[in-house]
Each structure stands twice: as C-alpha cells, then as structure tokens.
Amino acid sequence: ISATAERDRVTARMEQSLASSDDGFMLVEQGGHLAFANDAVRAIFQAPDCDWKSGTDFSDNWRSYLEFIAVLERPISDELKSLDLPALAELKKGREFELPDGRSIFFKARTLKDGGIVASVTDITARLHAQNLLSQRLAAIEATKDGILICDDEGRITYINAAGAELMGFGSSGNAY
C-alpha cells in the first residue's frame, strides 16, 4: 500500500470518527476557512443559511448563525456576538457559553503549528441540569432534621448531613469518616 493511499485511508477514518461524534469538531485554517466541520457543529449551530461546509468562511457561518438566533428575541452575549477563535484558543481550559435558545455549550479551541485552529463544542445542557438537580437534592438533605449518612461497602461513612453529624457527635458534616 502506498503512503498516499495509507494517508487517505487514515484521513477518511478520522473524518468518519469525528462525523459520528455528538461533540462538534471543526478545523479552521489560518485564513479563516473551514477545512472540516462535523454534523454536530451543524446541529449545534444550525441556521438556514449556514452550512459549515469545507471551504466556507468561519465568520460567514457564524454571522449567519447569529442572524438566525436573533429571531428568538433573547439576548446574545457580547462574547457570542464577537466570537474570537484565536482568543478562545489561548484559554487553556475552554469556555462555557449559554446560547440564546437556552442550551449551554463548552467551547474549546487550540492553535495549530500552521496557524489553523482546531475546536470542539460540547452541548452541556443536560449535565448542567443534572448538576442543578443534585444541588437541590443535597440542599434538601442538608436542611432536613433527620440524620442521613451514606456508607461504603466496608461500612465506612462516606457522607453525613449536619443533623446526622450532630446526632453522632461529629464536628462537621459532608466529610468521609
């Protein structure tokens, strides 16, 4: 098998893998043109005049997306209005954004050696809802006057609420004992 055929095979395999992901992946060349965007990018940032196809301009796609979501008549943050991929790539940990449609995304980008930018976008809406639900349940557990404790398989207390800590004579709640 020739080196060119092997490269093409590996490239096709990588594109298939990225295309099947629920996370959005895109590669933006130094000039701002998309080299690749998977279907998840199109699903997360969908708009009628926005195709996110290879060779199209990232800025044009982003502008089309913003114009489309403006009809929701919800505020669009300044960070979203002027999304700066190079500045986002400088953030080592990425950034959360709330989209005007109520979804939350985690956007992470890195600058490549050739000046291009690779970016990933994850819809974290469900995770944030689950975290909020767990926080509410923890607040309810802490507010109850009943002592609640959780033990591991060996019988060690891994969690105890404030009422349980008081009943057991411990100094504070929440810690493993």
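Each reported figure results from applying straightforward, stated rules to the coordinates on display, with no laboratory input. Everything numeric in this text was worked out from a predicted model, so none of it was measured. No Cβ is skipped: glycine too gets one built from the backbone with ideal geometry, and neighbour counts run over all protein chains shown.
Here are the numbers:
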read-out: Diffusion coefficient, µm² s⁻¹, Stokes-Einstein with Kirkwood Rh over alpha-carbon pairs of the chain at 4 °C and 1.567 mPa s; value: 66 µm²/s
read-out: Debye equation applied to the C-alpha atoms of segment 1-46, log10 I(q)/I(0) at 0.17, 0.19, 0.21, 0.31 Å⁻¹; value: -0.57, -0.67, -0.75, -1.02
read-out: Normalised convex hull volume, segment 85-124, alpha-carbon set, Å³ per residue; value: 60 Å³
read-out: Using a Förster distance of 41 Å, the FRET efficiency for Ile148-Arg103 (Cβ separation, nearest 0.05); value: 0.75
read-out: Rg/Rg_ref, segment 100-158, where Rg_ref = 2.2 N^0.38 Å and atoms are Cα; value: 1.94
read-out: Cβ-Cβ FRET estimate between Glu67 and Arg7, R0 fixed at 45 Å, reported to 0.05; value: 0.70
